[in-house]
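Coordinate-derived values only; no laboratory data. The shown structure was predicted, so the numbers you read here are calculated from the model rather than taken from an experiment. All Cβ positions, glycine included, derive from the backbone under ideal geometry; neighbour counts span all protein chains shown.
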Amino acid sequence: MHRVYLDNNATTPVLPEVFEAMRPYFSDQFGNASSIHHHGQQTRAAVEDARESVAALLGCRASEIVFTSGGTEADNLTIAGLVGAGDHVITSSIEHHAVLLACKRMGEIGAEVTVLPVDGRGLVDPDDVQRALRPNTKLISVMMANNETGVLQPVEEIGRIAAEAGVCFHTDAVQAAGKVEIDVRRIGCDALSISGHKIHAPQGVGALCVRKGLRLQPLFYGGRHERSRRAGTENVPGIVGLGKAAEIAKEALDRGDDKKMAALRDRLQQGILAQVEDAVVNGDGAARVSNTCNIHFDHIDGEAMVIALDLKGVAVSTGSACSSGAIEPSHVLVAMGLRPDQARASIRFSLGKQTVAADIDIALALVPETVARLRELSPTYRKAAVSS
Amino acid sequence: MAKSQKRFMQTKNTIAVAMSGGVDSSTVAAMLRAEGHNVIGLTMQLWNQRRLSGKDGMPESVQGRCCSLDDVYDARRVAQQIGIPYYVVNHEERFERDVIRPFVEEYVSGRTPIPCSLCNNHLKFDQLLIVAQQIGASSVATGHYARVAFDDARGRWLLKRPADASKDQTYFLFGLTQDQLSRTIFPLGDMTKPEVRELARQHGLALAEKPDSQEICFVPGGDYKRFIDAYLAEQGEALPDTAGELVTTNGEVLGEHGGIHNFTVGQRKGLGVATGSPLYVIQISGASKQVIVGGEDHLYSRTLHARRVNLIAVDDLHEPMRVTVKIRHRHEPAAAVIERAGEDEILVTFDEPQRAITPGQAAVFYDGDVVVGGGWIA
């Protein structure tokens, strides 16, 4: 079966160039980057090269990059590393669980937590951030792009508010990296998280950009790796992969590849809306990253839709992969004002660098007929059709 | 497999198998796959075992069987081993609405419910069948011990007892409609449990020796009273005050009882009164909250009314019909006559009085091995 993968916000395939860059570091160049000898020097050089590539993608200094096991660790390191009992943290209702649940945990150990609402487009209002500030506010954490809708948040405005108030600002840029230009100085953030496997590097590696001079309490204790910010022998092949992927992402952005991606995404979106009645784009009207569209198909069971499309070779999702199998409807869509049944009837399509026009054609051929079949067999759709 | 099902099965269909993580449904998936069908494994996530654990006296550890992480793990590993796509579908909301709620409400009204039948009617052969059709499967196969066959003479789908009488599950399946039966496959209907385990071993399934589940899947340890307490407490609802009098069949008040949901018709132990001759619960009155007790002879009755009736082998009961009737899962069907007693109500008159006819349980009518239909004992 020819398979079309449109779930790149869950994970992306490692690009061949990335894989080739990593290959020597599994066997030939195996040294521990902390070792004094030749072997250690080889891998140390590779790690520092990768650090420079990642710094170039984010517009920060190489010394500000801390390699982690992924986006979740980068988010947790920031939140647990900065916030303590008696501190106040401001976040939003549409954050990834890596941020939301880390903040919740801080609440359990004595911090105050404010979770800001979003509007119908899924946007945080910077005025809400301003109003939520308290004398003891330590950290604001608002994501750059939402993983379910792709909606870009007003991070630069929030960055200005944070700077004026003298409060740390963290942004989870896991779903923004490689899709839009990132410049930590322009955003004015003190910390920014990215994940390797969302930008065609392998799973198990990520990075946190931490502003010079900002001290974080580490999550792990051990060696003095990553300038004592993250103990543990470096995942050298993963870090090399992340460096290569960051390099490729930056070149692609400089070339304007994101506009081609947006054109493919728009063709998918418009094609679906043209063929399917009662379909609405979640987050419509807000600026979105180029690869994501999230569509609410009235009266379908999103779970059944994902399974039906998978059996036909098209991989999509109902939302965050981390929430699969859960009963709760997407907290992001509910925060945007969708009813639980509408949230459950929403499907996320997310493109990657490997997505080609033929993939979109296949999706456009299969999605409308699948929605029609689901609706035909839906007890509630029949009822609604009769009563209207 | 029943003859008509064999014929049906000769064409290679896409079949969804309801996989619970137990040996029966796992073996069904393996055998259908080996026969060359396009098999999709589905597990229904119906109840979160951790939801009530540790609350109001419920055990801390997760002991219940259904929908535990272990069972989903087992089902998924079988699907991976035999090479079929596998998905978990979440129907917790429907399960709570259609099974848990009625289960609790029946008990506090003085009846003794059967959640398995509700689950079959509202979830396994309704929701799951819809999902199966939506994802392109023409039918659903389960590990139930029962048989389905199309009867040309009557022009109806029949539900029949399985080869292994000791595993007969037709009592829990009386609510299936003709449409549901037409899309249902019970591949274990012609097999005995030892044969199923042997087949599981032949297919190399690691769970071939996994013990059978016995209790109600969502009630860990079988203590339904604690479950009801914990559920109502979680919902922020007080357990309705169902305490009342313990009364003899002669109207003599023996004392007080703590709540009618603690009693089941036929129960002897735990009545809290000492008398010379053994006393049994004869009747539970939801309205007056009385528990009526008496000697064993009062437990016997010749008639019952069955409501919310589903007929399978016949389209209607135009005249009285001789059948055998089963009034609880472990009950030898007893000879009786059934006749219409009103809209959606059937009067069952047994040849011999039956012990402990219990409101809330099902009365299922058999003609030999064929399930004529059934209803809920009023």
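Roughly how tilted is helix A:155-165, in degrees to the nearest 10 and between 0 and 90, from the longest Cα axis of chain A?
Value to nearest ten degrees: 50.
Given 10 Å bins starting at zero, what is the percent of C-alpha pairs of the protein assembly as shown in each, up to the one with the largest pair distance?
3, 12, 18, 20, 18, 13, 9, 5, 2, 0
In the Gaussian network model of chain B, springs joining C-alpha atoms below 10 Å, which of B:A208, B:A230, B:A165 carries the largest mean-square fluctuation?
B:A165
Compare B:G83, B:G41, B:G342 in a GNM of chain B, Cα atoms joined below 10 Å, and give the one with the largest fluctuation.
Maximum fluctuation in the GNM of chain B, among the listed residues, is at B:G342.
If exposed means no more than 10 neighbouring beta carbons inside 10 Å and the site is in a DSSP loop, what's the longest run of chain A without any exposed trypsin sites (Lys or Arg not before Pro)?
In chain A, the maximal stretch lacking such sites is A:1-211.
Rounded if a/c is under 1.5, else prolate if a/b beats b/c, else oblate: with a ≥ b ≥ c from the C-alpha gyration tensor eigenvalues square-rooted, which is the range B:166-210?
prolate
Taking H as built 1.01 Å from N, whose amide H comes closer than 5 Å to the amide H of A:I140, not counting residues under 5 places away?
Under 5 Å from the amide H of A:I140: A:I90, A:C168, A:F169, A:H170.
Using alpha carbon centroids, what distance separates the range A:151-198 and the range A:257-319, in Å?
Value for the Cα centre distance between the two parts: 26 Å.
Using modelled backbone amide H atoms (1.01 Å from N, in-plane), which distant-in-sequence or interchain residues come within less than 5 Å of A:A231's amide H?
Placed amide hydrogens put A:F220 under 5 Å from A:A231.
For the range B:266-307, which trypsin sites (Lys or Arg not before Pro) pass both filters: DSSP loop (anything but H, G, I, E, B) and at most 16 other C-beta atoms within 10 Å?
B:R268, B:K269
Where nothing but the Cβ of Lys and Arg (+1) and of Asp and Glu (-1) is charged, how large is the charge dipole of chain B around its Cα centre, in debye to the nearest 20?
Result for chain B is approximately 1080 debye, rounded to the nearest 20.
Give me the distance in nm between label points sitting 7 Å out from Cα along the Cα-to-Cβ direction at A:D266 and A:A287, one decimal.
Distance between label points: 1.6 nm.
Report the FRET efficiency, 1/(1 + (r/R0)^6), for A:S93 and B:R94, where r is their Cβ-Cβ distance and R0 is 30 Å, rounded to 0.05.
Details: r = 27 Å, r/R0 = 0.90.
With a Förster radius of 30 Å, E is 0.65.
Could you run the Karplus curve 6.51 cos²θ - 1.76 cosθ + 1.60 with θ = phi - 60° over the range A:89-97 and give me ³J(HN,Hα) per residue in whole Hz, x for Gly and Pro?
10, 10, 9, 10, 6, 10, 5, 5, 4
For chain B, calculate the relative contact order in percent as a whole number, restricting contacts to Cα pairs under 8 Å that are 6 or more residues apart.
17
Would you mind computing, in nm to one decimal, how far apart the modelled labels at B:Q80 and A:K104 are, each placed 7 Å from Cα along Cα→Cβ?
2.7
What angle, in degrees between 0 and 90 and rounded to the nearest 10, separates the Cα long axis of helix A:257-275 from the longest principal axis of the Cα atoms of chain A?
Taking the Cα atoms of chain A, the angle to A:257-275 is about 20 degrees.
Round to the nearest 0.05 the FRET efficiency obtained for B:R330 and A:R3 when R0 = 51 Å and r is the Cβ-Cβ distance.
0.55
Determine the alpha carbon to alpha carbon distance for each of A:K104/B:K124; B:K160/B:K289; A:K138/A:K260; A:K260/A:K312 and list only those over 29 Å.
Working: A:K104/B:K124 37 Å; B:K160/B:K289 39 Å; A:K138/A:K260 40 Å; A:K260/A:K312 26 Å.
In this structure, A:K104/B:K124; B:K160/B:K289; A:K138/A:K260 exceed 29 Å between Cα atoms.
Pop out the ³J(HN,Hα) list for the range B:333-343 in order, Karplus 6.51 cos²θ - 1.76 cosθ + 1.60 with θ = phi - 60°, rounded to Hz; leave Gly and Pro as x.
Once θ is set to phi - 60°, the couplings for the range B:333-343 become x, 10, 5, 7, 10, 10, 8, 4, 10, x, 4 Hz.
Determine the shape class of chain B: with a ≥ b ≥ c the square roots of the Cα gyration tensor eigenvalues, call it rounded for a/c under 1.5, and otherwise prolate if a/b is greater than b/c, oblate otherwise. The partial results should precede the final answer.
Details: a/c = 2.16, a/b = 1.38, b/c = 1.57.
Judged from the Cα gyration tensor, chain B comes out oblate (a/c at least 1.5, b/c at or above a/b).
Quick check on my link table: of A:K198/A:K353; B:K167/B:K210; B:K55/B:K210; B:K167/B:K269; B:K225/B:K269, which ones sit more than 19 Å apart, alpha carbon to alpha carbon?
From the list (A:K198/A:K353; B:K167/B:K210; B:K55/B:K210; B:K167/B:K269; B:K225/B:K269), the Cα-Cα distance tops 19 Å for B:K55/B:K210; B:K167/B:K269.
Within 12 Å, Cβ to Cβ, of B:A313, how many net charges do the neighbouring residues add up to if Lys/Arg are +1 and Asp/Glu are -1?
Within the 12 Å Cβ shell, the charges total -2.
May I ask you to list the residues of the range B:278-314 whose amide nitrogen lies under 20 Å from a point 7 Å from Cα along the Cα→beta-carbon direction of B:E245?
B:279-295
Classify chain A from the C-alpha gyration tensor, please: rounded if a/c falls under 1.5, else prolate or oblate depending on whether a/b exceeds b/c.
Since a/c reaches 1.5 but b/c is at least a/b, the shape of chain A is classed as oblate.
Across the residues of B:77-89, average count of Cβ atoms on other protein chains within 10 Å?
2
Using a Gaussian network model on chain B with a 10 Å cutoff between Cα atoms, which of B:A29, B:A335, B:A238 fluctuates the most?
B:A238
Provide, for q = 0.21 Å⁻¹, the log10 of I(q)/I(0) from a solvent-free Debye sum over equal Cα point scatterers in the range B:39-162.
The Cα Debye sum returns log10 ratios of -1.36.
Would you kindly derive the ³J(HN,Hα) couplings of the range B:315-327 from the backbone phi angles with the Karplus curve 6.51 cos²θ - 1.76 cosθ + 1.60 (θ = phi - 60°), listing them in order in whole Hz, with x for Gly and Pro?
Going residue by residue, I get 7, 7, 9, 7, 9, x, 9, 7, 9, 10, 10, 10, 10 Hz, with x marking Gly and Pro.
Could you compute the net charge surrounding A:G223? Neighbours are other residues with a C-beta less than 15 Å from the C-beta of A:G223; K and R count +1, D and E count -1.
Spelling it out: positives minus negatives among the neighbours equals +3.
If you take the Cα Rg of the range B:3-225 and divide it by 2.2 N^0.38 Å, with N the number of residues, what do you get? Before the final figure, lay out the partial values.
Values: Rg = 17.2 Å, N = 223, 2.2 N^0.38 = 17.2 Å.
Cα Rg divided by the expected 2.2 N^0.38 Å: 1.00.
For chain B, take the longest principal axis of its alpha carbons; what is the angle in degrees between that and the long axis of helix B:193-202, to the nearest 10 within 0 to 90?
30
Between A:R255 and A:R186, what is the FRET efficiency for a Förster distance of 25 Å, r being their Cβ-Cβ separation, to the nearest 0.05?
0.75
Where Lys and Arg each count +1 and Asp and Glu each count -1, what net charge lies around A:R23 among other residues with Cβ under 14 Å from its Cβ?
Once all neighbours under 14 Å are counted, the net charge is -2.
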